[in-house]
Amino acid sequence: MAQFDTLIKGGTIVDGTRVPRYRADIGIKNGKIVQIGRLHASDATHVIDASGLIVAPGFIDLHTHYDAQIHWDPYCTIGSWHGVTSVTIGNCGFGFAPLRPQDAERAMLALSRNESIPLEPMKVSMKVDWESFPQYLDRLSRMPLGINISHLYPVAPAVAYVMGGFDEGKKRFPNEKEMATIVRQLHEAIDAGAAGWSAQRLVPESRVSVQRDYDGTPMITDILPDEFYLTLARALGEKEQGCIQFTQSGATESKLGIEDDFRFLEQLAQESGRPLLYNAILISDKHPESHRTQLNWVTAANLRGVRVFGQALTARAPVRMTLEDWNLFDSIPAWREATVGTLEEKKAKLSNPELRQSMREEYDKGGMETLDVIFGEIPRYIARKVRRPDLKQKYEGLSVEQIAKMENKHVIDAMLDLSVADDLRTEWAGPVTNANIEGYRELMSSPYTLPGVSDGGAHVKFITPAIYPTEVLAWLVRDAGVLTLEEAHFRLSGLTGWAAGFKDRGTLREGMAADIVIYDLDALKTLPEEIAYDLPAGEWRRIQKAEGYRWIMVNGEVIFEDGRCTGATPGKLLRNGQAV
């Protein structure tokens with residue numbers, strides 16, 4: 001009998017621990033790394049020649065929204081095309097468990113706007129035959145998985161489940177009895193294998209709340225009080241398992257408000273005694289100092305002995321959108337009102353003089369400046385594709401600013417007039433807003449930042465930040481020299497896995513799971529964006545594939561070879577950070 005199922009021969013190992021790269025062979029048996037050293041090809045059933053290639057741990061993506069997509073795409077693409085072998089779902093407090101069957105479509109409706117996941121693919125692909133969170137984990141464990149899945153306990157469905165529905169959960173706060181039930185069910189979820197709990201709180205009165213419910217109202221998690229979350233933090237601490245993932249990226253405008261936010265988040269970590277994954281830190285070309293306040297707080301919190309990690313957006317993924325689907329200006333009341341409803345309702349509201357006036361006034365007084373940082377300034381948006389032939393000839397390729405000058409219009413009117421005339425199908429291309437190399441140098445010099453915030457599975461018609469592992473390796477390491485290769489792989493897998501409580505993967509050491517990427521660093525690149533009609537119900541999404549990854553392995557089996565899917569589904573459900 002062969003000593004190894006697979007032998008990776010002659011590669012340069014970067015093991016995810018910051019240890020300097022070295023050449024060696026890796027022997028794999030039963031999905032695990034059993035030996036690293038000078039090994040013999042004759043001892044293996046299958047040999048992969050990795051000569052001249054980098055051999056590294058598969059990437060761990062802690063911030064995704066593949067909660068729906070996992071039901072039709074076991075590989076969670078885009079992520080796995082770029083070397084991701086493990087993902088966490090249930091982020092931001094959103095997900096599908098616990099869930100009463102009668103609330104299933106309501107949960108789908110919320111995610112159809114909040115995370116911009118098309119509704120019909122969810123409706124035709126998800127048969128809700130579970131109710132409790134442990135039952136859902138059991139369901140996931142029986143599904144074919146191309147990569148590994150870790151699941152946070154999401155607050156929104158947890159509250160809705162106890163309080164009689166999603167809409168009921170917005171009318172009042174949980175009472176004492178309901179709170180005790182939520183805590184008990186959290187404990188049951190942790191016992192079943194939950195990776196911790198998650199929430200989003202983007203309070204509309206004080207923060208840039210760009211993620212709303214299907215009707216434009218705040219999500220349940222947005223309106224829950226401090227004490228609710230502190231109670232959950234203490235409950236997590238009782239289990240001494242898992243982490244807290246908290247999205248509070250739209251900070252208040254005042255310095256005092258920002259500091260209040262930071263104090264609250266630090267208190268969550270302190271009360272729980274568990275790591276807190278904070279979303280999100282991003283680089284802004286327009287405001288190159290904007291990330292420093294967040295980095296300073298993350299550093300200070302850790303120096304006080306509190307484990308806080310900043311999840312950082314590390315991909316250049318500019319917006320591509322039409323106003324038929326766009327919802328990420330929801331922090332502006334007029335925009336939120338105008339982009340809710342049917343196509344005809346949206347066209348009418350986007351033409352409404354009063355709403356237009358509100359939009360112009362908001363723009364003129366600087367009310368969209370924070371959105372500019374994230375999505376780019378409206379005057380710089382380009383009419384990338386115009387559908388109506390007469391409009392196409394006149395406007396395609398022009399920026400909003402050019403159209404406004406040409407027609408002597410306010411930039412808001414220039415954008416909206418063309419969109420409405422084109423049946424809201426004009427595709428607008430936003431600028432790259434986060435390419436400041438020095439900013440990334442600062443961001444990645446912090447010992448407490450994790451690359452990612454892929455939002456994989458979400459906003460599928462607008463952005464593709466799930467390309468981030470390739471961006472880190474090809475751009476920040478190879479081209480810009482911001483990171484060493486050893487540091488990059490430590491951030492992409494070793495540190496990331498440790499921060500989230502992964503126990504059996506994230507580094508290439510004997511005894512660890514054989515989640516491995518083998519790639520040609522010189523050839524590594526992200527391919528151009530394309531439209532793929534690969535969702536159920538004939539729906540489409542924007543995708544970007546990669547070149548340079550020769551083999552991507554999960555639990556010792558190859559899932560992609562030179563970009564081609566093998567059809568293998570060796571992924572595992574990770575309970576409390578490990579496959580069992």
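Some notes on this structure:
- Cβ pairs under 6 Å, 6+ apart, first in the range 92-106 and farther than 19 Å from P134 by Cβ, second surrounded by fewer than 24 Cβ atoms within 10 Å (Cβ to Cβ): C92/T247; R106/F166
- Flag: L109 matches the condition of being surrounded by fewer than 24 Cβ atoms within 10 Å (Cβ to Cβ) and out of contact with any helix residue (DSSP H, G or I) (no Cβ under 6 Å at 6 or more places or on another chain).
- Taking the range 66-98 as the range and being aliphatic (A, V, I, L, M) and touching a strand residue (DSSP E or B) at 6+ places or on another chain (Cβ under 9 Å) as the test, the residues that pass are I70, I78, V84, V87, I89, A97.
- On inspection, T470 passes the criterion of being of a type in the set (S, T, N, Q), closer than 29 Å to I117 by Cα and either in contact with a helix residue (DSSP H, G or I) (Cβ under 7 Å, 6 or more places away or on another chain) or in the same structural domain as G548 (by TED's automatic domain parsing) (or both).
- Helices (runs of 4 or more DSSP H) lying entirely in the range 119-193 (those with 3 or more residues that are among the acidic types (D, E)): 176-192
- Test: residue in the range 274-284 that is more than 20 Å from the chain's Cα centre (by Cα) and either modelled with pLDDT under 95 or crowded, with 18+ Cβ neighbours inside 10 Å (or both): yes
- Unique residue being surrounded by 15 or more Cβ atoms within 10 Å (Cβ to Cβ), assigned by TED's automatic domain parsing to the domain that holds P275 and of a type in the set (D, E, K, R) when the list is R360, R307, R356: R307
- Subset of the range 316-355 (residues that are hydroxyl-bearing (S, T, Y) and without any contact (Cβ under 8 Å) to a residue 60 or more places away in the chain): T339, T342
- Restricting the range 381-434 to residues that are assigned to a helix (DSSP H, G or I) and among the small types (G, A, S), the residue that is surrounded by the fewest Cβ atoms within 10 Å (Cβ to Cβ) is A421.
- Strands (runs of 3 or more DSSP E) contained in the range 466-580 and holding at least 2 residues more than 19 Å from I78 (Cα to Cα): 573-575
- Q185 vs. criteria outside the structural domain of W551 (by TED's automatic domain parsing), crowded, with 16+ Cβ neighbours inside 10 Å and at pLDDT 95 or above: yes
The values are calculated or read from the model by the stated rules, or taken from the named source; none is laboratory data. In this text, all values refer to a predicted model and were calculated from it rather than measured experimentally. Counting neighbours? That spans all protein chains shown, and the Cβs are built from the backbone with ideal geometry, glycine included.
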